[in-house]
């Protein structure tokens, strides 16, 4: 059934309300940051196939669309930080029913998702008519990214999974998550690919964050020989060089840049402690 004139007016007002809801936008942006991390991890070698769009015009489930272009899969999200939310709240159930009808008629490979900050009991069970294509997802409403890291393990794990080492401390996780959030909020949020977000992370995060999408750095043969000469073990991960002594008494990491490499090759440390001083 085509969208009627009355429905178009409703969707226009719904879209306008979504753009003007500052509290809801914070919650939506935090959840989208979580999704970006999840999809970077699951599509680490296919970042160009996942695209995100918010505030979808002409859609009844319109807060966030995640598209996987290699499978034509479309995930529509309604993201609600609303007290006492239920399927009877306003037109929530009818919006999901209408979106299901439209997407089904269009032959889409789709699913609908309700993201909420209430007790899961409030939105369980899912109404029978939409249950085959609909799921619900609890996501807490916190005031800051740091609070999400501290209070919600799935969010922390999602960020940890895209860190270069998988063992990042909380301050580094905060840096990664805030960088993703900042990039997302600074864009038009229409058809944004994970590849674009990754490229921006490389630009603004260089030297501050280290994630799996960064290519491993290369160490010159001269510097590698220097490390071996003084009995230093080393490996690279993303933008960082990790080093340690055989005994394990001394260890550390350093962001390895062309400037750092030139400094090592120019100064040519003559003993172990001069090398450690350069690495510190």
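What the table below lists for this structure:
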{"read-out": "Members of segment 31-56 that are over 17 Å from residue 196 (Cα atoms), modelled with pLDDT under 95 and out of contact with any helix residue (DSSP H, G or I) (no Cβ under 6 Å at 6 or more places or on another chain)", "value": "56"}
{"read-out": "Test: residue in segment 45-64 that is assigned to a strand (DSSP E or B), more than 18 Å from the chain's Cα centre (by Cα) and in the same structural domain as residue 148 (by TED's automatic domain parsing)", "value": "no"}
{"read-out": "Answer from 175, 166 - the residue that is in a helix (DSSP H, G or I), under 30 Å from residue 208 (Cα atoms) and out of contact with any strand residue (DSSP E or B) (no Cβ under 7 Å at 6 or more places or on another chain)", "value": "175"}
{"read-out": "One residue from 172, 142 being assigned by TED's automatic domain parsing to the domain that holds residue 34 and more than 24 Å from residue 64 (Cβ to Cβ)", "value": "172"}
{"read-out": "Residues located in segment 120-163, provided they are part of a helix (DSSP H, G or I) and closer than 28 Å to residue 103 by Cβ", "value": "120, 121, 122, 123, 131, 132, 133, 154, 158"}
{"read-out": "Test: residue in segment 90-100 that is touching a helix residue (DSSP H, G or I) at 6+ places or on another chain (Cβ under 6 Å) and either crowded, with 21+ Cβ neighbours inside 10 Å or under 21 Å from residue 8 (Cβ atoms) (or both)", "value": "yes"}
{"read-out": "Identity of the residue in segment 190-224, farther than 30 Å from residue 266 by Cα and more than 14 Å from the chain's Cα centre (by Cα), that ends up surrounded by the most Cβ atoms within 10 Å (Cβ to Cβ)", "value": "190"}
{"read-out": "Residue 129 vs. criteria in contact (Cβ under 8 Å) with a residue 60 or more places away in the chain, more than 17 Å from the chain's Cα centre (by Cα) and either crowded, with 16+ Cβ neighbours inside 10 Å or more than 20 Å from residue 29 (Cβ to Cβ) (or both)", "value": "no"}
{"read-out": "Residue among 264, 227 that alone is in contact (Cβ under 8 Å) with a residue 12 or more places away in the chain, assigned to a helix (DSSP H, G or I) and touching a strand residue (DSSP E or B) at 6+ places or on another chain (Cβ under 6 Å)", "value": "227"}
{"read-out": "Test: residue in segment 241-255 that is assigned to a loop (DSSP other than H, G, I, E, B), at pLDDT 85 or above and surrounded by 12 or more Cβ atoms within 10 Å (Cβ to Cβ)", "value": "yes"}
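Here is a yes/no grid of residues against (1) over 30 Å from residue 243 (Cβ atoms); (2) surrounded by 20 or more Cβ atoms within 10 Å (Cβ to Cβ); (3) touching a residue at least 60 places away in the same chain (Cβ under 8 Å); (4) touching a strand residue (DSSP E or B) at 6+ places or on another chain (Cβ under 9 Å):
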residue: 81; (1), (2), (3), (4): yes, yes, yes, yes
residue: 87; (1), (2), (3), (4): yes, no, no, yes
residue: 108; (1), (2), (3), (4): yes, no, no, yes
residue: 114; (1), (2), (3), (4): yes, yes, no, yes
residue: 119; (1), (2), (3), (4): yes, no, no, yes
residue: 125; (1), (2), (3), (4): yes, no, no, no
residue: 140; (1), (2), (3), (4): yes, no, no, no
residue: 151; (1), (2), (3), (4): yes, no, no, no
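The values are calculated or read from the model by the stated rules, or taken from the named source; none is laboratory data. Predicted model only: the values in this text are computed from it and were never measured. Counting neighbours? That spans all protein chains shown, and the Cβs are built from the backbone with ideal geometry, glycine included.
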